[in-house]
1. Going through region 119-143 one residue at a time, which ones are within 22 Å of L178 (Cα to Cα) and modelled with pLDDT under 95?
2. Scanning for something within 12 Å of A273 (Cα to Cα), among the hydroxyl-bearing types (S, T, Y) and at pLDDT 85 or above, does region 98-118 turn up at least one residue?
3. So P101 clears everything in (1) outside the structural domain of R237 (by TED's automatic domain parsing); (2) outside any loop (DSSP other than H, G, I, E, B) except one condition, right? Which one?
4. I'm trying to understand the selection: among the residues of region 190-241, which are more than 14 Å from the chain's Cα centre (by Cα), under 24 Å from W103 (Cβ atoms) and polar (S, T, N, Q)?
5. Among the residues of region 294-307, is any modelled with pLDDT of 85 or more and on the phi < 0 side of the Ramachandran plot?
6. Based on this model, can you work out whether I49 counts as of a type in the set (A, V, I, L, M, F, W, C), under 24 Å from G285 (Cβ atoms) and outside the structural domain of G226 (by TED's automatic domain parsing)?
7. Could you tell me which numbered condition T131 fails, if it satisfies all but one of (1) in a loop (DSSP other than H, G, I, E, B); (2) among the β-branched types (V, I, T); (3) within 28 Å of N278 (Cβ to Cβ)?
8. Among residues belonging to region 266-293 that are modelled with pLDDT under 85 and of a type in the set (S, T, Y), point out the one that is farthest from D89 (Cα to Cα).
Amino acid sequence: MVTPRRERNPMAPQTSFRRAAERYIAEGGREKYLLPIIDHFGSRTIGDIDQDPGAVEAAVKAIGPHLTPSSAQTTIINPISVILNFAFDRGRRRGSGKKPPRWLTPDEAERLIEAASHPQRIGLRDPQLWTLQKILFMLGTGAAPGEVITVEAGALDRTTGEWNLPGIPSMVRPRKILPPRRTIDALDIPFKGQAFLSPNGQPYVVRHKGGGQMAEAFGQVCQAAGLEKEVTPAVCRTTWAVWFYAQVPDLDLLVTAGGWAGPRSPKPLTRLAPTGLNQWLYEKGWDFRDSAAAQQSEIAPFANRPAP
C-alpha cells in the first residue's frame with residue numbers, strides 16, 4: 001500500500017479510524033484489505049489506537065486468526081500502519097523521494113524476540129541463543145552490526161553493566177553505553193574473546209570491507225516473525241534510536257550515545273515515534289533513562305526511579 005501524497009495536515013487524535021481510512025481512500029489510497037479493518041476499529045479514535053500497544057495484535061486475532069504471520073503482516077498490520085502514518089502525517093513528504101527509515105514497532109520487536117527465543121521451532125541451530133542475545137544487545141545499545149561481531153568480552157564492565165563499544169572507522173564513533181535491564185538480564189557473555197559468537201558457538205570471521213555475517217540467522221528469525229526482507233540487523237540500530245529518543249528527547253545525547261559524528265543522520269529518526277511509545281517501552285523493560293544519565297554524569301546505573 002502506498003500512502004497518497006498530500007500537504008502536511010495531520011488529523012486530530014480524536015478522528016475515528018473509519019474517517020481516517022475514508023480520507024485516505026478519497027485521496028487516492030488503495031482500498032484493498034481495509035474494509036475488515038475499518039469494520040473492526042469503526043469509530044475508535046486514531047489517537048486511542050496509536051497509544052494502545054496491543055491494538056494491532058488484537059486486530060490480527062479478531063480479523064485473521066487463521067492467517068500466517070506473513071499474511072497477517074501484509075493484510076492487517078501494514079494497512080493499519082499506513083492509515084495511522086497517513087493520519088498523523090508520519091509518511092513520505094511531497095517531493096522527498098525517500099521512504100521513512102525502517103524501524104521496528106513494538107509488536108514487530110516482540111515477534112522478533114519471540115522467534116529468536118525458540119530457535120528450535122524455526123529450524124535454527126542456536127542452542128545458546130546467540131541470535132537472541134545479539135538482537136537484544138542491538139535494541140538496547142544501538143550497536144551497529146559490525147560492532148557486535150567485533151566487540152570483545154573485556155569491553156563489558158561487569159560492575160556497572162556499561163559497554164565500551166569499539167565503533168567502526170569513519171562510520172561509528174567509539175563510546176560507552178549502558179543498556180536497559182532487559183538487555184543486561186538476557187546476556188551471557190564469556191570472559192574472554194569475542195563477546196558475541198555465531199549460532200554454532202564459534203567466533204565470527206571478520207571480513208575486510210565485507211559484512212553480512214549475521215544475515216542468515218537473523219533473516220531466518222525475521223521470516224519466522226513475519227517481517228519482510230527489508231528488516232536487516234541494521235534496523236535494530238535504527239529502532240534503538242527511535243526508542244531512545246521517545247524516552248530521552250535530547251538530540252545531543254542521542255548523537256553521543258549512538259556514536260554519530262553529528263545530528264544530521266539521526267535527526268530524521270526523532271520524528272518517527274508514535275504517541276505512547278515511551279510508556280510501552282517502560283512496561284516492557286526498556287528504560288533508557290539510566291543510559292542517558294550515564295552519558296551525562298556519574299549517577300549510579302539502574303537508579304530506583306518511579307515509573308513515569
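1. The answer is none; no residue qualifies.
2. Yes, the conditions are met somewhere in region 98-118.
3. For P101, the exception is condition (2).
4. Of everything in region 190-241, those that are more than 14 Å from the chain's Cα centre (by Cα), under 24 Å from W103 (Cβ atoms) and polar (S, T, N, Q) turn out to be Q213, Q220, Q223.
5. So far as region 294-307 goes, no, none of its residues is modelled with pLDDT of 85 or more and on the phi < 0 side of the Ramachandran plot.
6. For I49, the condition - of a type in the set (A, V, I, L, M, F, W, C), under 24 Å from G285 (Cβ atoms) and outside the structural domain of G226 (by TED's automatic domain parsing) - is met.
7. (1)
8. S291
The values are calculated or read from the model by the stated rules, or taken from the named source; none is laboratory data. The structure displayed is predicted, hence computed values, not measured ones. With ideal geometry, Cβ positions are generated from the backbone for all residues, glycine too; neighbour counts draw on all protein chains shown.
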